[in-house]
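What follows is one structure encoded as structure tokens, with my remarks underneath.
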């Protein structure tokens with residue numbers, strides 16, 4: 001009899017998990033979507049950041065879209081190689097998003 005109860009417990013647990021699966025899927029299906037313009041601005045900031053960094057001879061590290069005073073701007077962070085073997089300099093600049 002000792003060998004039967006662990007199997008029964010596992011079967012009940014598996015059944016309970018299987019029954020809650022569709023509920024979780026429904027919750028995930030109803031999650032709010034991100035508006036398309038958010039993706040567009042983020043993509044624009046990334047492209048702008050790559051352009052700014054390459055024109056300064058550096059590498060893009062981060063590009064973030066931020067709302068400042070009712071207008072969307074990109075905060076661009078990039079690194080520029082230093083002279084004399086020193087570590088690269090970190091530069092942060094703000095530009096209009098598009």
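Here, each number is a calculation from the coordinates, and none is a lab measurement. All values derive from a computational prediction rather than experimental measurement. Cβ placement follows ideal geometry from the backbone for every residue including glycine, while neighbour counts extend to all protein chains displayed.
Sort 83, 62 so the one with the fewest other Cβ atoms within 10 Å of its own Cβ comes first.
Ranking 83, 62 by Cβ neighbours within 10 Å, fewest first, gives 83, 62.
With Kirkwood's inverse mean 1/r over C-alpha pairs for Rh, give me the Rg to Rh ratio of the stretch 36-96, two decimals please.
Rounded to two decimals, Rg over Rh is 1.06.
Fewest to most neighbouring Cβ within 10 Å: what's the order for 84, 44?
Working: 84 4, 44 17.
So the ranking, lowest neighbour count to highest, is 84, 44.
Using the count of nearby Cβ atoms within 10 Å as a rough guide to exposure, how do 75, 48 rank from fewest to most? Write out the running numbers ahead of the final one.
Details: 75 17, 48 20.
Listed from fewest to most nearby Cβ atoms, that is 75, 48.
Separation between the residue 83 and residue 64 pseudo-spin-labels, each 7 Å from Cα along Cα→Cβ, expressed in nm?
Placing both labels 7 Å beyond Cα along the Cβ direction yields 3.2 nm.
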